[in-house]
Amino acid sequence: MSTEKNLKDAFAGESMANRKYLAFAKKAEQEGYLNAAKLFRAAAEAETIHAHNHLKALGGIKSTAENLKEGITGETYEFESMYPPMLEEAKKEGRSDAQRSFHLANEAEKVHAKLYQDALDNLENKEEVNYYLCPVCGYIEKNSTPEKCPICGAKGEVFVKY
């Protein structure tokens with residue numbers, strides 16, 4: 001095993017732990033366990049610190065233009081190569097829950113790639129841009145909220161501004 005592989009594995013593990021702990025925090029809040037939710041959120045942030053340190057050691061944080069290009073590549077891979085076979089497998093297995101999850105993500109990734117390309121094309125433009133995130137499917141709209149999400153149909157008023 002090489003240190004490079006170990007860093008990649010550690011980055012992946014810490015990243016997954018972060019997302020899992022945030023999901024656990026949300027569930028704890030729904031069940032009224034606010035102290036457990038706080039602990040999960042603190043641990044999630046600790047995992048983020050670890051992941052960022054590993055990514056930095058890998059040389060994985062470059063210029064913004066390079067990072068946007070990597071974002072385009074990653075999102076494109078997901079909607080062209082990763083999600084389509086996953087969606088087909090879920091259909092074969094009759095897993096409508098997984099089908100929905102894969103479909104929503106696949107459609108949102110297409111939009112993310114376009115937004116990254118737009119950001120790259122307009123990198124020198126200093127005019128403020130706001131992004132609005134659908135909390136149901138991950139769709140992102142630039143500069144305004146839609147009346148409803150074009151992917152999942154969620155109402156525009158639930159979108160989160162960034």
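Laboratory data are not the source of any read-out in this text; all were calculated from the coordinates shown. From a predicted model like this one, the values you see are computed outputs, not experimental measurements. Don't worry about glycine lacking a Cβ; one is built from the backbone with ideal geometry, like all the others, and counts go over all protein chains shown.
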ask   = Of the trypsin sites (Lys or Arg not before Pro) in the stretch 1-46, which ones lie in a loop per DSSP and count no more than 11 other C-beta atoms within 10 Å?
value = none
query = Which loop GluC sites (Glu not before Pro) in the stretch 100-148, with loop taken from DSSP, have no more than 15 other Cβ atoms within 10 angstrom of their Cβ?
reply = 124, 127, 128, 147
message = What are the ³J(HN,Hα) couplings of the stretch 116-130, residue after residue, when phi is run through the Karplus curve with 6.51, -1.76, 1.60 and θ = phi - 60°? Round to Hz, x for glycine and proline.
response = 4, 4, 4, 5, 5, 5, 10, 4, 7, 6, 8, 5, 5, 10, 10
task = For the stretch 1-91, state which chymotrypsin sites (Phe, Trp or Tyr not before Pro) are in a DSSP loop and have at most 15 other beta carbons lying within 10 Å of their beta carbon.
result = 33
ask   = Which ³J(HN,Hα) values, rounded to whole Hz and listed in residue order, are derived for the stretch 137-146 from phi using the Karplus coefficients 6.51, -1.76 and 1.60 in 6.51 cos²θ - 1.76 cosθ + 1.60 with θ = phi - 60°, glycine and proline given as x?
value = 10, x, 5, 10, 10, 8, 6, 6, 9, x
request  = Could you size up the charge dipole of the stretch 63-127 around its Cα centre, putting +1 on the beta carbon of Lys and Arg and -1 on that of Asp and Glu, and report it in debye to the nearest 20?
outcome  = 260
query = What's the percent breakdown of Cα-Cα distances in the stretch 1-109 across 10 Å bins, shortest bin first?
reply = 14, 25, 37, 23, 1
message = Given a Förster distance of 22 Å, report the FRET efficiency between residue 42 and residue 20 from their Cβ-Cβ distance, rounded to the nearest 0.05.
response = 0.95
task = Express the relative contact order of the chain as a whole percentage, based on alpha carbon pairs under 8 Å and six or more residues apart in sequence.
result = 16
key: Charge dipole (debye, nearest 20) of the stretch 1-142; +1 at Cβ of Lys and Arg, -1 at Cβ of Asp and Glu   = 440
